[in-house]
Amino acid sequence: MNKMDKEKAISFEVAMEKLEKAADNLKNDSITLEDALKNYEEGIEYYKKCDAILRDAKQKIETYSK
């Protein structure tokens, strides 16, 4: 399983935890620009993953509610 497959397979809770960690890292005053950009990009990816999981769950709930 490559890195992309692993990222797709992570749970909402793990993605949320990684998103929070990236956000916390960005709050560090001593972070370098390179690390800040890396954390920002990772945060965006984990945000997208969480958003996709939530949209999928919402769609399933709406389908089951009908």
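The values are calculated or read from the model by the stated rules, or taken from the named source; none is laboratory data. None of these values were measured; they are calculated from a predicted model. Positions of Cβ are generated from backbone atoms using ideal geometry, with glycine treated the same way; all protein chains shown enter the neighbour counts.
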Open item on the list: Any residue in segment 38-66 that is within 10 Å of F12 (Cβ to Cβ) sitting within a Cβ distance under 9 Å of a residue that is exposed (fewer than 12 other Cβ atoms within 10 Å of the Cβ)? List the pairs, counting only those 6 or more apart or interchain.
Closed with: K49/K8; I53/S11
- [ ] Report yes if some residue within segment 18-33 is in contact with a Leu (Cβ under 8 Å, 6 or more places away or on another chain), hydroxyl-bearing (S, T, Y) and at pLDDT 95 or above; otherwise report no.
- [x] no
TODO: Please enumerate the residues belonging to segment 10-37 that are without any contact (Cβ under 8 Å) to a residue 12 or more places away in the chain and part of a helix (DSSP H, G or I).
DONE: E13, V14, E17, E20, K21, D24, L33, E34, D35, A36, L37
TODO: Go through segment 31-62 residue by residue and tally those that are of a type in the set (K, R) and surrounded by fewer than 12 Cβ atoms within 10 Å (Cβ to Cβ).
DONE: 3
